[in-house]
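Q: So that we are looking at the same thing, I have put the structure below in structure tokens.
Each reported figure results from applying straightforward, stated rules to the coordinates on display, with no laboratory input. Fair warning: this is a prediction, and the values are worked out from it, not measured in the lab. Reconstructed Cβ throughout: ideal geometry from the backbone, glycine too, with neighbour counts over all protein chains shown.
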């Protein structure tokens, strides 16, 4: 009996992405990992400028390798009439169109959602921008750090003396995640109605959604959460403590039950649980400095291993600090076999499986494309009349109820 290839959740879905940098590529890479066919449109000659961010992964950009596996790359000059028409043909046969060009750029070139859906009513269109398509910031340039600033993230991140940006491009990633969920929502809606649709995602609005609890806290308390470094601003004890080996152990006490266990089994000061200064979380936060002076000497007398074991035995959440250099050896990731090799133009590299595995089916994790690697094949495919295109019939057959 011949084994059949597993059908991926998004097999038969074609995505055309006029994308660059992080936000849109992040969304489309996840679609590709779930089996979608992603056609990545790149600038003629230079490609996605994220290809040039660095040369650390076998001479390739770490951002680009992270964000672009599983895609087909075609170079197009959208100022050329033939290439402009070719892209329209591709979108006519697509299920999804996503773009994150500069404000108004896609629409000005004839790739606005109204025009595209007039040609292909089943199309799900997604526009990603920094601040949204309207309002006083509608035409304002946006980069991740700038949106971290505008969204308030910088104001609550760091120490009392210094603002600190998040170490990850969280504005881009949050926008990419909402683009991904919006696209999947659109495909489900189309399966019910037969009609596509449009939505937009702004980096500002995505990141402001992630600012949820600080916004409520500030609005109803009259002051923003303080910058507390690696400690939690509104829960205590919740943060790092030094052990005898000068390694940091992080711990978090989330409720009064855990606080009682922590006092009894870790600090060996059971009477501290009823101390009026620390009897509720609000009081523990108010008296954070004094509390740290009590906890610090206990944990600094323990090795990191002994501290973790004691916290585990007491049922107190804890963590060691890992770095990008040590995360590869994380015992949980190894035990769950989360690392997998995939191809790039410069050779095989190792990466993490995406967090979602539908029915425990491994992600596709297909190769990262060379710039314009699929240009010739795609030009030949999409220059055929739509009704005669073999790709068109294949996609339609695979769509199911999407």
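Q: Along its three principal axes, how long is the range 1-79 when you only count alpha carbons? Whole Å, largest extent first please.
A: Between the extreme Cα coordinates on each principal axis of the range 1-79 lie 46, 33, 21 Å.
Q: How large is the direction-averaged shadow of the alpha-carbon convex hull of the range 155-263, in nm²? If you can, show how the numbers build up before the last one.
A: Details: hull surface 45.1 nm².
For the Cα atoms of the range 155-263, the hull's average projected area reads 11.3 nm².
Q: Sticking with this structure for a sec: For the range 220-270, what is the convex hull (Cα atoms) projected area averaged across all directions, in square nanometres?
A: The orientation-averaged projected area of the Cα hull of the range 220-270 comes to 4.8 nm².
Q: In the P(r) worked out for the range 56-200, what percent of Cα pairs fall beyond 24 Å?
A: Tail fraction, whole percent: 46.
Q: If one takes the longest principal axis of the Cα atoms in the chain, at what angle in degrees, from 0 to 90 and to the nearest 10, does the Cα axis of helix 212-221 lie?
A: 50
Q: Another question about this same structure. Where does helix 304-313 land angle-wise versus the long Cα axis of the chain, in degrees 0 to 90, nearest 10?
A: Approximately 90 degrees, to the nearest 10.
Q: Mean projection of the alpha-carbon convex hull of the range 238-320 over all orientations, in nm²?
A: Answer in nm², one decimal: 4.5.
Q: State log₁₀ I(q)/I(0) for the range 100-155 at q = 0.12, 0.16, 0.20, 0.25 Å⁻¹ as given by the Debye formula over alpha-carbon point scatterers of equal weight, solvent excluded.
A: Those come out to -0.36, -0.57, -0.77, -0.99, one per q.
Q: Among 126, 263, which comes first, then next, by fewest other beta-carbon atoms within 10 Å? Intermediate results must be reported in sequence, preceding the final value.
A: Numbers: 126 26, 263 22.
Taking fewest neighbouring Cβ atoms as first place, the list is 263, 126.
Q: Provide the packing ranking of 55-63, 142-150, i.e. peptides ordered by the mean count of other C-beta atoms within 10 Å per residue, highest first.
A: Per-residue Cβ counts within 10 Å, averaged per peptide and sorted highest first, yield 142-150, 55-63.
Q: For every helix of n ≥ 4 consecutive DSSP H residues, a contribution of -39,500 (n - 2.57) applies; sum these over the chain, divide by its total residues, and give [θ] at 222 nm rounded to the nearest 500 deg cm²/dmol.
A: -10500 deg cm²/dmol
Q: Kirkwood hydrodynamic radius of the range 193-250 from all distinct Cα pairs, in Å?
A: Numbers: mean 1/r = 0.0663 Å⁻¹.
Final number for the Kirkwood radius of the range 193-250 is 15.1 Å.
Q: Now a separate question. Stokes-Einstein at 20 °C, 1.002 mPa s, Kirkwood radius from Cα pairs: D for the range 49-139 in µm² s⁻¹?
A: 142
Q: Give me log10 I(q)/I(0) at q = 0.17 Å⁻¹ for the range 193-348, Debye formula, one equal scatterer per alpha-carbon, no solvent.
A: Values, matching the q order: -1.07.
Q: Also, I was wondering about something else. At a Förster distance of 56 Å, what's the computed FRET efficiency of residue 286 paired with residue 7, Cβ-Cβ distance as r, to 0.05?
A: Computed FRET efficiency for residue 286 and residue 7: 0.50.
Q: How high is the relative contact order of the range 238-320? Use alpha-carbon pairs under 8 Å, at least six apart in sequence, and give a whole percent.
A: Numbers: 108 pairs, mean separation 35.9, N = 83.
RCO, the range 238-320: 43 percent.
Q: Quick one: Cα centre-to-centre distance for the range 42-60 and the range 82-147, in angstrom?
A: Using only Cα atoms, the two centres lie 22 Å from each other.
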